[in-house]
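Below is one structure, written out as structure tokens; comments come after it.
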Amino acid sequence: MRRSSDTVTRVVGKPAWYSSLARVRASQDGQRVAYTGWNSTTWDTLRVATIGLTGGPETPWVSAFAEGGDVTWLADGSLLYQVREGAEILTLYHVRAPGRVERLGSIPWHAWAAEVSRDLRRAAVTIQDYRADAWLSSVRAP
């Protein structure tokens, strides 16, 4: 990761815990970066960590067994962690601080993606409805 301005460039190497990094998201104020990455030993655990762009070490927030996932900054500076726990299950977690994780719920219907508002009040979920010879998508409001 690299942050550049007129006077400062910070280069951060991949920490040893990771085999690879998957998603990188800058905070709204541009001071921190949240990222996900796979563990280097088994590639079955997805970690979310943050790092300050002005200095300091990596701070792990949460790790979970996963087949995929994503991280998003929320309006209050906490994180939304989306974990694909299987081919058909997407689980959403609100991570308020390192180690402070609240499970929001799971979407067990072939969920491709979930877009959640930064205040956690609204969500749009894309699901797959396979009917052997046709694909059906729909938009539903509560």
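Things worth noting here:
- Enumeration of residues in the stretch 52-69 that are among the charged types (D, E, K, R) and closer than 21 Å to Gly30 by Cβ: Glu58
- Residue within the stretch 125-135 that is part of a loop (DSSP other than H, G, I, E, B), at pLDDT below 95 and surrounded by 12 or more Cβ atoms within 10 Å (Cβ to Cβ) present: yes
- Residue in the stretch 59-71 that is nearest to Thr36 (Cα to Cα), counting only those that are at pLDDT below 95 and not small (Gly, Ala, Ser): Asp70
- Hits in the stretch 64-77 (condition: under 17 Å from Arg100 (Cα atoms) and either crowded, with 16+ Cβ neighbours inside 10 Å or among the β-branched types (Val, Ile, Thr) (or both)): Ala64, Val71, Thr72, Trp73, Leu74
- Criterion (surrounded by 19 or more Cβ atoms within 10 Å (Cβ to Cβ) and farther than 24 Å from Ala16 by Cβ) met by exactly one of Ile107, Ile89: Ile107
- Considered as a group, the residues in the stretch 7-49 that are in contact (Cβ under 8 Å) with a residue 24 or more places away in the chain and of a type in the set (Phe, Trp, Tyr) include one that is nearest to Pro98 (Cα to Cα), and that residue is Tyr35.
Results for (1) over 11 Å from the mean Cα position of the chain (by Cα); (2) polar (S, T, N, Q); (3) under 29 Å from Val125 (Cα atoms), shown as yes or no for each residue.
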{"site": "Leu21", "(1), (2), (3)": "yes, no, yes"}
{"site": "Arg25", "(1), (2), (3)": "no, no, yes"}
{"site": "Asp29", "(1), (2), (3)": "yes, no, yes"}
{"site": "Arg32", "(1), (2), (3)": "yes, no, yes"}
{"site": "Tyr35", "(1), (2), (3)": "no, no, yes"}
{"site": "Ser40", "(1), (2), (3)": "yes, yes, no"}
{"site": "Val62", "(1), (2), (3)": "no, no, yes"}
{"site": "Gly68", "(1), (2), (3)": "no, no, yes"}
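- Qualifying positions in the stretch 68-106 - charged (D, E, K, R) and in contact with an Asp or Glu (Cβ under 9 Å, 6 or more places away or on another chain): Asp76, Arg84, Glu85, Arg96
- Filter pass, Leu90 being over 11 Å from the mean Cα position of the chain (by Cα) and not acidic (Asp, Glu): yes
The values are calculated or read from the model by the stated rules, or taken from the named source; none is laboratory data. Since we're looking at a predicted model, the values are computed, not measured. FYI the Cβ positions are ideal-geometry reconstructions off the backbone, even for glycines, and counts take in every protein chain you see.
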